[in-house]
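Asks: Mind having a look at this structure? Questions to follow.
All of the numbers you see were taken from the coordinates with simple rules; none came from a lab. All values derive from a computational prediction rather than experimental measurement.
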Amino acid sequence: MKILAANFKMNLTLNEINEYIDKIKDIDNKNIVLIPSNIYIPYFLNKKFSVGVQDAYYLDNGAFTGEVSAKQISSLGVNYAIIGHSERRMYFNETNDILNKKILSCESNGLKVIYCIGETKEERESNKTKEVLLKQLGEGLKGASEVIIAYEPRWAIGTNVTPTNEEIEDIISFIKSKYNYKVLYGGSTNDKNIASLNTISNVDGFLVGGASLDYDKFKKMIEIVF
Ligand code: PGA
């Protein structure tokens, strides 16, 4: 079955979270993964969907103010962790080596990893996409046993622009020719374009940002994908 993951990023206040939770009572599908800010995780636990975090630190515990470890996250009963989102790479300087440590820590603590990879606009325009993806995959996944990959071209995130279905299909088949993992697509997916994106033969699901914040939109996406 496909996976539909909702990355809320740094959005929603407590009132908005409560309203959202009220609307999702009917979700009964563990392949739907809701990924709020860490502070709201307890509100999402023990439901009939899966829960994820947007990042996880790789050491188990210690003097690392502000960080939350994979071990702590796992102790709550969280199922998934996004690792290597392009915003972490861009704004928090997370390198493939750091991401590799995070992936291994998640794995050893029983969290399923959604590892994000993707090229910038400049890399795409200079025909470096596959080279960049291979480096992110090779360095990030060293020693990893099983992850879910999210192909998220940076230029498609939050821009309302997506690659063509053919381009996505080509990249996913390239990734799958090297790694035997599920591959999700992410970047400007919404309730309008998901029916078409969902026809891509080799896509295993979607990582949705902005459009997941409005549950009416996300609900339509759920109905299309499942
Ligand atoms: P978007 O974000 O759907 O808002 O483009 C996707 C993501 O960053 O995972």
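Asks: On the principal axes of its Cα set, how long, how wide and how thick is the chain? Give whole Å, largest value first.
Replies: If we take the Cα atoms of the chain, the spans are 44, 42, 29 Å.
Asks: With the convex hull built on the Cα atoms of the range 34-167, state its orientation-averaged projected area in nm².
Replies: With every direction weighted equally, the projected area is 9.2 nm².
Asks: Just need the relative contact order of the range 1-154 here, percent rounded to a whole number, with Cα pairs under 8 Å and 6+ apart.
Replies: 18 percent
Asks: Going by amide H atoms built from the backbone, whose H comes under 5 Å of the H on Ala150, apart from near neighbours?
Replies: Tyr115, Cys116, Ile117, Leu184
Asks: Excluding same-chain pairs closer than 8 in sequence, count the lysine pairs in the range 1-128 whose Cα atoms lie under 18 Å apart.
Replies: Lysine pairs, 8 or more places apart or on different chains, close enough: 17.
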